[in-house]
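Below is one structure, written out as structure tokens, with a few remarks after it.
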Amino acid sequence: MQETITYSLVERRKNSEEYYNAVKAFAKEVLDKASESIGPDVNEFITYIKEFKLEEVRKTEEYILELISFGILWYTYGNAALEVKHAPFITLSRMAEWRKKHQKLKQAIDLFRGIMTTLVLLPKKERTTEINLPTIEQIDKVCSWFEATGEFREEALRFIRWRAFWSTIGHDRFEQKLKSIALFTRWFESRSLEVLGDYTQNVESFIEKSQSRYRWREDRISCTRTRLEYHLNMVGAEIMNLAFREDFVNTEITSVLVPGCMRGRPFEECKAVKVKEGLKCQGCLPKCKVNQLREMGKRNNFDVYIIPHASDLTLWAPKPGRQRQGVIASACVTTLVEGGWELKRYGVPAQCVLLDYSGCKKHWHRDGFPTQLNVHELKRILNSKSSMNACL
Ligand code: SF4
């Protein structure tokens, strides 16, 4: 059994099946509860989107997840964001994009972003005061901050639409809606701790121990996410899978994207070769989890690619004249949902499977250790594609 850094879906368990049963049931509970409390607001927002033709209307679950995310991220970062009086928000947000497109510049950009995150985006240590409901102007500011961090760009792009809607409904109704979101956030905080807290027991002690280690690093925000955010992302991954499934099952080919930390050998010894999609395993180690997925893919008609964290995901977007590609992506709790939103924005039908625990050398552990995903969950997703039913 590997050391648990922040979360583990398998600690004291044979595998992560118990987690998947729990999180699926909880995602349903969250959606039911949300439909009662913030559901009418979501319906109003959908009507607004249709009226102004802002986008092709997506699944209701996606809008619910956006509102839940707004409540939790405002609660978590609202005060810190509002304390920032001056910052090069636009430059920082562009840099977060450049590092994906220009891998050669990534190291230099990350160095700069790490310093700027601590100097200008997180000047105070902790959130100390009670959080209030935001005003429209504060939502503008917090969205600029979210984009500048590079961690919440996808959420910010979606919150800006909500903000546009809220600005049309008058102060009293706006305040009433924000109160419902705040109430829901409180409920989610306590209920998610009951259901998912067993899997995230080390998050708080890790943050306490490691704050100084991440102080000038670009992954400071990503690696010091709160326990509440872990729970949001766990449920978020489930809700996304529900919302995106219909699109995914209608794709013709499947690729499974896994992070480099799943390799059984250190980076320098791994024999995977570079292709335009990422790295392709060459099967140098039978017990390597990537190799096992590659073998499974040969039998079941999917390709496996190792892709680095913060890769350019536009590569997976549908192209005219090509078969429609579905993607199953795996990553750790702190990054998976952001990637899911990004794939959605590029029109890629995606599903996600969490890593059972995190362990990469770059972000989490001094020496690093190989990570894994739940193969049963992967098979369930593959089986949801009717074309795959026959072969699994
Ligand atoms: S089996 Fe594949 S992914 Fe694993 S170390 Fe070898 S080449 Fe790399």
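The values are calculated or read from the model by the stated rules, or taken from the named source; none is laboratory data. Because the structure is a prediction, the values reported are computed rather than measured. Virtual Cβ from ideal backbone geometry, glycine too; neighbours counted across all protein chains shown. Only protein heavy atoms, including side chains, enter the accessible area calculation; ligands, DNA and RNA are left aside. Shrake-Rupley method; radii C 1.70, N 1.55, O 1.52, S 1.80 Å.
Out of all the residues in segment 186-202, is one or more within 16 Å of the ligand (Cβ to nearest atom), more than 21 Å from the chain's Cα centre (by Cα) and open to solvent by 60 Å² or more (accessible area, probe 1.4 Å)?
Quick first cut of segment 186-202, residues within 16 Å of the ligand (Cβ to nearest atom) only: none.
No, every residue in segment 186-202 fails to be within 16 Å of the ligand (Cβ to nearest atom), more than 21 Å from the chain's Cα centre (by Cα) and open to solvent by 60 Å² or more (accessible area, probe 1.4 Å).
What's the number of the condition residue 170 fails, among (1) open to solvent by less than 60 Å² (accessible area, probe 1.4 Å); (2) more than 21 Å from residue 47 (Cα to Cα)?
Checking residue 170 against (1) open to solvent by less than 60 Å² (accessible area, probe 1.4 Å); (2) more than 21 Å from residue 47 (Cα to Cα), the one that fails is (2).
I'd like the full set of residues that are more than 10 Å from the ligand (Cβ to nearest atom) and touching a Phe, Trp or Tyr at 6+ places or on another chain (Cβ under 8 Å), limited to segment 242-259. Spell out the reasoning first.
Quick first cut of segment 242-259, residues more than 10 Å from the ligand (Cβ to nearest atom) only: 242-257, 259.
Of everything in segment 242-259, those that are more than 10 Å from the ligand (Cβ to nearest atom) and touching a Phe, Trp or Tyr at 6+ places or on another chain (Cβ under 8 Å) turn out to be 253, 254, 255, 256, 257.
Have a look at 49, 64, 38 and point out the one that is touching a helix residue (DSSP H, G or I) at 6+ places or on another chain (Cβ under 9 Å), of a type in the set (A, V, I, L, M, F, W, C) and within 19 Å of residue 237 (Cα to Cα). Spell out the reasoning first.
On the way: 49 fails: within 19 Å of residue 237 (Cα to Cα); 38 fails: within 19 Å of residue 237 (Cα to Cα).
Of 49, 64, 38, the one residue that is touching a helix residue (DSSP H, G or I) at 6+ places or on another chain (Cβ under 9 Å), of a type in the set (A, V, I, L, M, F, W, C) and within 19 Å of residue 237 (Cα to Cα) is 64.
Which residues, counting only those in segment 260-290, are assigned to a loop (DSSP other than H, G, I, E, B), near the ligand (Cβ under 8 Å from one of its atoms), within 19 Å of residue 330 (Cβ to Cβ) and open to solvent by 60 Å² or more (accessible area, probe 1.4 Å)?
265
Which condition from (1) at pLDDT below 90; (2) closer than 23 Å to residue 218 by Cβ is the one that residue 318 breaks?
It is condition (2) that residue 318 fails.
Filter segment 97-137 down to the residues that are polar (S, T, N, Q), part of a helix (DSSP H, G or I) and open to solvent by 60 Å² or more (accessible area, probe 1.4 Å), then identify the one that is modelled with the highest pLDDT. Can you show your working first?
Of all residues in segment 97-137, those polar (S, T, N, Q) come to 103, 107, 117-118, 128-129, 132, 135.
With part of a helix (DSSP H, G or I) added as a condition, the list becomes 103, 107, 117-118.
Then drop every residue that is not open to solvent by 60 Å² or more (accessible area, probe 1.4 Å), which leaves 103, 107.
Working: 103: 72, 107: 80.
Only one residue fits best here, namely 107.
Collect the residues in segment 194-208 that are touching a helix residue (DSSP H, G or I) at 6+ places or on another chain (Cβ under 7 Å) and modelled with pLDDT of 95 or more, keeping them in residue-number order. Don't jump to the end; show me each part of the working.
First, the residues of segment 194-208 that are touching a helix residue (DSSP H, G or I) at 6+ places or on another chain (Cβ under 7 Å): 195-196, 199-200, 203-204.
Those that are touching a helix residue (DSSP H, G or I) at 6+ places or on another chain (Cβ under 7 Å) and modelled with pLDDT of 95 or more: 195, 196, 199, 200, 203.
Name, by its number, the condition in (1) within 18 Å of residue 345 (Cβ to Cβ); (2) under 21 Å from the mean Cα position of the chain (by Cα); (3) free of Cβ contacts under 8 Å to residues at least 60 places away in the same chain that does not hold for residue 56.
(2)
Would you mind finding the one in 11, 61 that is modelled with pLDDT under 95, open to solvent by 10 Å² or more (accessible area, probe 1.4 Å), not small (Gly, Ala, Ser) and not assigned by TED's automatic domain parsing to the domain that holds residue 334? I'd like the intermediate steps shown before the answer.
Values: 61 fails: modelled with pLDDT under 95.
Matching residue, one of 11, 61: 11.
Would you check which residues across segment 14-45 are polar (S, T, N, Q) and open to solvent by 60 Å² or more (accessible area, probe 1.4 Å) and list them?
Answer for segment 14-45, where residues must be polar (S, T, N, Q) and open to solvent by 60 Å² or more (accessible area, probe 1.4 Å): 21, 35, 43.
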